[in-house]
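The block underneath contains the structure these notes are about, expressed in C-alpha cells.
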Amino acid sequence: MQLADDALSLLDSLGIETAHAVGHSMGGFIVQLLAIHYPSRIYSITSISSSTNSPTVPPPPEKTWEIYLSSIPQNDFDKDIDGFLKVWEYLNGTADFHKELALEYTRKLYERQTIDGALGATHVKAQETLEDRSNALEKIIIPTLVMHGEEDYAVDKYGGIQTAASIQNSKLVLIPKMGHLPFNHELLQRFDNEIIGFLIKHKQSE
C-alpha cells in the first residue's frame, strides 16, 4: 500500500487531481490499489502483466526461479549483461527476441539505480505483503484495460484473466507469443496501439 500512497503523493505534488494510471507487473498491482482505495483520483487504469494475487492463480514454473537465481548482478554492466540477456530472452516469451531492445532496457536500469542481488528479489519481497484483491477489485467501476502475454512465465496469464473478470468495466487483451517483458518491436507497437486507443476512447467521454 505504501507504493500506492507514494504514487498519490506524486500526483499531489504535481497538482494533478485525476489521472489515467498505467502499470506493468508490480506497477499493475499499484494501479489496482489506487483504483480500489482512491477511485476519485483515478480516471482509468491499465493493468499489464499483473494479477489479483489470488491463491488460485498458478505460480511461476520452477524454471522461472532457476533463471532468476542464475543471474546475480554485481553492478558492472559489462560483466552482468550476459546474465541479464538470458533472463530477458526467457521473459520475452516465444516472440522473436530483439536484443537491441534488451540492451537499451538494461543500460537504463544501470543509469537509474545500483544493481545487485538476485533479479526479482525486491519484487518478491514486496509482493509478500500483498493480499488477495479479487473481492476488492469487484468494487472498481472506472474504465479498466487489462493486458497480458499468453506466454508470461513470471505472472501466469490467468492472473490477467481473473483481474478482468473481477472488474466490471474492463477490457481484456491477451497477446499471443508475448511474455512478461516484451523485447520485440511489433509487440511494443501493439502495446502502444492498445493503450493509446483505450485512453483516447475514455478521454472523449470525460
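Bear in mind that the values in this text are calculations on the coordinates, not laboratory data. Here the structure is a predicted model, which is why all the values come from computation and not from measurement. Cβ: placed from backbone, ideal geometry, glycine included. Neighbour counts: every protein chain shown.
Here ARG190, ARG107 are placed in order of increasing Cβ neighbour count within 10 Å, fewest first, which gives ARG107, ARG190. Entry note, the chain: the mean residue ellipticity at 222 nm calculated from DSSP H runs of n ≥ 4, each adding -39500 (n - 2.57), is -15500 deg cm²/dmol after division by the residues and rounding to the nearest 500. Expressed as a fraction of 2.2 N^0.38 Å, the value expected for a compact globular protein of N residues, the C-alpha radius of gyration of the chain is 1.02.
Cβ crowding within 10 Å, taken as a proxy for footprinting-reagent exposure, orders ASP12, ASP80, ASP152 from fewest neighbours to most as ASP12, ASP80, ASP152. Compared with the dominant Cα axis of the chain, that is its longest principal axis, helix 157-166 is turned about 10°. For SER70, SER166, SER40, SER51, the sequence from fewest to most other C-beta atoms within 10 Å is SER40, SER70, SER166, SER51.
Placing unit charges on each Cβ (+1 for Lys and Arg, -1 for Asp and Glu) gives the chain a dipole about its Cα centre, and among LEU11, ILE81, SER70 the Cα reaching farthest toward its positive end belongs to LEU11. Computed from the C-beta positions of HIS185 and ASP5 and an R0 of 25 Å, the FRET efficiency is 0.10 to the nearest 0.05. Rounded to the nearest 20, the Cβ-based charge dipole of the range 1-78 about its Cα centre (Lys and Arg +1, Asp and Glu -1) stands at 320 debye.
Relative to the longest principal axis of the Cα atoms of the chain, the long axis of helix 2-14 makes an angle of roughly 70 degrees.
Once both labels are positioned 7 Å from their Cα atoms along Cα-to-Cβ, the gap between ARG112 and ILE141 label points is 3.5 nm. The modelled label-to-label distance between LYS63 and LYS86, using points 7 Å beyond Cα along the C-beta direction, is 1.5 nm. For ILE72, the amide hydrogen comes within under 5 Å of no other amide hydrogen, counting only partners 5 or more places away or on other chains and with H modelled in the peptide plane. For MET147, the amide hydrogen comes within under 5 Å of the amide hydrogens of SER47, ILE48, SER49, VAL173, counting only partners 5 or more places away or on other chains and with H modelled in the peptide plane. Axis angle, to the nearest 10 degrees, between helix 26-37 and the longest C-alpha principal axis of the chain: 20 degrees.
Counting only other residues whose beta carbon sits under 14 Å from that of LEU172, what net charge do I get with K and R as +1, D and E as -1? Working shown, then result.
Numbers: positive: LYS157, LYS171; negative: GLU150, ASP152, GLU194.
After counting each charged neighbour, the total is -1.
Converting phi to 3J(HN,Hα) with the Karplus coefficients 6.51, -1.76 and 1.60 and the offset θ = phi - 60°, the range 134-142 yields 3, 5, 5, 5, 5, 7, 6, 10, 6 Hz in sequence order, with x at every glycine or proline.
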